[in-house]
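*Asks:* One structure is given below, represented as structure tokens, and several questions about it will come after.
The values are calculated or read from the model by the stated rules, or taken from the named source; none is laboratory data. The structure displayed is predicted, hence computed values, not measured ones. Counting neighbours? That spans all protein chains shown, and the Cβs are built from the backbone with ideal geometry, glycine included. Each accessible area value is taken on the protein alone, full model and side chains, heavy atoms only, with ligands, DNA and RNA left out. Shrake-Rupley method; radii C 1.70, N 1.55, O 1.52, S 1.80 Å.
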Amino acid sequence: MKQKILLIRPNNYLSVCHYPPLALILIGSVLERAGYDVEIFAASNEDNYLEKIKSKVANNDLLLVGLTVLTTEVADAITISKTIKEISKVPIAWGGWHVTLFPQQCAESKFIDYSIVDEGDNSVVKLVASLAKNQPLEHKIVTNKKHLNIEELPLPNYSLVKGIEAFITKPLGDKFQEVMDHPIRWLPYQSSRGCPSLCTFCINVVTDNRQYRSKSAGKVVDELEELINKYQISHFKILDDNFFVSKRRVKEFCELVIERNLEFTWDGECRVNYFHDEYLNDGFLQMLKETGLVQLVIGAESGSEKTLNYLRKQIVPEQTEKAVEDLNRHDIIPDCSFIVGLPGETTEDILKTANLINRLRKHKLFLCGVHTYRPYPRSKIAQQLISEGTLQEPETVEGW
């Protein structure tokens, strides 16, 4: 008889997440390959979710309950963990970015039995194997210091999510859906991890996740094709930190998609300094268009060189203008992300951002989001604000 594991994504207090919980899908697929019976429960997709969670743990036949936790999900994760502890002795493990940033705080909480740090794919299998033998690990903090070879990960099994069909058919808010003549069936997909850039606000720098690791182009296309056939998928959201790090891999990916006549659309993220004659030139962009690329999110961040230098973006506003112009010319939507309200930013800096946005509006496909700066915990800017006394960091996980 397979031993059961329940994986839960808590609610995010900043937004309702319309995406399937990809991190748990990847973790669950590894656990399933190891022989365990896995169910993934997304609280945001359920009414009366606490009562449903209680019913799932009440019969005490679970080896482990695991939660993936972002900082903005800590409050609900604590509520869920408390609820489970009131009725069951099943061990509770937390993983995700917040745990990686604050493993000791999480380990000290009476509502958390194990804190899984960094990539949890292998660590959670190790933990569950110990629990199955009735040999709980001595240490509450479980970590795998070596980066995984993600080429060896199994095909993600999205069906582990209760009600995955509701996610597949849920409309996206992206601009490209406005020009499509049919409803899409979509899934998120991850082909690589890590980003070598040095942006001072980014979590990859803080968590030593700058080492780029990717699946081969062949494995990516094989998996996308299998998912198309299994779920009748017509669109993929590529949720890599930076899909375009390797020019060779992206080129091979395009060639394989075109060679196999695969019909799907996709979107992803890209840096503006990749748009030059030696990489994302007209020929390369035309090839990407042929593969079904409909939109790229690009981190423009600011129209002020001073602000861009502060962020260590290693770009200038003129590169953003070129990227938007090039994408627009190839009928690929440029979705630009901007940040305002950064420490030390002046009215002049913000006006430079506004002026850049206004110049870009001449391109019919141009799209942008302007966000007020929110410090990521443990990032260089957040640490600077703490040292200056303008930001405080909670001393316990419950304080978040």
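*Asks:* Assuming Ala107 fulfils every condition listed in (1) of a type outside the set (Phe, Trp, Tyr); (2) farther than 14 Å from Val124 by Cα; (3) open to solvent by 30 Å² or more (accessible area, probe 1.4 Å) apart from one, which condition is it?
*Replies:* Exception for Ala107: condition (3).
*Asks:* Report every pair of residues separated by at least 6 positions or lying on different chains whose Cβ atoms are under 6 Å apart, first residue within segment 12-40 and of a type in the set (S, T, N, Q), second not in a strand (DSSP E or B).
*Replies:* Close Cβ pairs satisfying both conditions: Asn12/Thr72; Asn12/Glu73; Ser29/Pro154; Ser29/Pro156; Ser29/Asn157.
*Asks:* When the residues of segment 250-300 are narrowed to those that are of a type in the set (D, E, K, R) and touching a helix residue (DSSP H, G or I) at 6+ places or on another chain (Cβ under 6 Å), which ends up least open to solvent (accessible area, probe 1.4 Å)?
*Replies:* Ranking the candidates gives Glu252 first.
*Asks:* Can you find a residue in segment 240-249 that is open to solvent by 10 Å² or more (accessible area, probe 1.4 Å), of a type in the set (Ser, Thr, Tyr) and not in a loop (DSSP other than H, G, I, E, B)?
*Replies:* no
*Asks:* Being among the basic types (Lys, Arg) and under 29 Å from Arg213 (Cα atoms) is the filter here, so list the residues in segment 128-183 that pass it.
*Replies:* Passing the criteria: Lys140, Lys145, Lys146.
*Asks:* For segment 55-80, name all the residues that are more than 15 Å from Lys4 (Cα to Cα) and surrounded by fewer than 23 Cβ atoms within 10 Å (Cβ to Cβ).
*Replies:* Once the filter is applied, which keeps residues that are more than 15 Å from Lys4 (Cα to Cα) and surrounded by fewer than 23 Cβ atoms within 10 Å (Cβ to Cβ), segment 55-80 yields Leu70, Thr71, Thr72, Ala75, Asp76, Ile78, Thr79.
*Asks:* Another question, if that's okay. Please go through segment 41-50 and pick out each residue that is in contact (Cβ under 8 Å) with a residue 40 or more places away in the chain and of a type in the set (Phe, Trp, Tyr).
*Replies:* Phe41
*Asks:* Here is a list: Leu155, Leu224, Leu198, Leu187. Which entry is among the aliphatic types (A, V, I, L, M), within 29 Å of Gly299 (Cα to Cα), touching a residue at least 24 places away in the same chain (Cβ under 8 Å) and surrounded by fewer than 19 Cβ atoms within 10 Å (Cβ to Cβ)?
*Replies:* Of the residues listed, the single one that is among the aliphatic types (A, V, I, L, M), within 29 Å of Gly299 (Cα to Cα), touching a residue at least 24 places away in the same chain (Cβ under 8 Å) and surrounded by fewer than 19 Cβ atoms within 10 Å (Cβ to Cβ) is Leu198.
*Asks:* In segment 171-184, which residues are surrounded by 16 or more Cβ atoms within 10 Å (Cβ to Cβ) and β-branched (Val, Ile, Thr)?
*Replies:* Within segment 171-184, just Ile184 meets the criteria.
*Asks:* Can you run down the residue pairs with Cβ atoms below 6 Å, 6 or more apart or on separate chains, where the first is in segment 73-84 and in contact (Cβ under 8 Å) with a residue 24 or more places away in the chain and the partner is among the polar types (S, T, N, Q) and open to solvent by 20 Å² or more (accessible area, probe 1.4 Å)?
*Replies:* Partner pairs satisfying both residue conditions: Glu73/Asn12; Asp76/Asn11.
*Asks:* Restrict the check to segment 17-40 and report whether at least one residue is open to solvent by 10 Å² or more (accessible area, probe 1.4 Å), modelled with pLDDT under 95 and charged (D, E, K, R).
*Replies:* Among the residues of segment 17-40, not one is open to solvent by 10 Å² or more (accessible area, probe 1.4 Å), modelled with pLDDT under 95 and charged (D, E, K, R), which makes the answer no.
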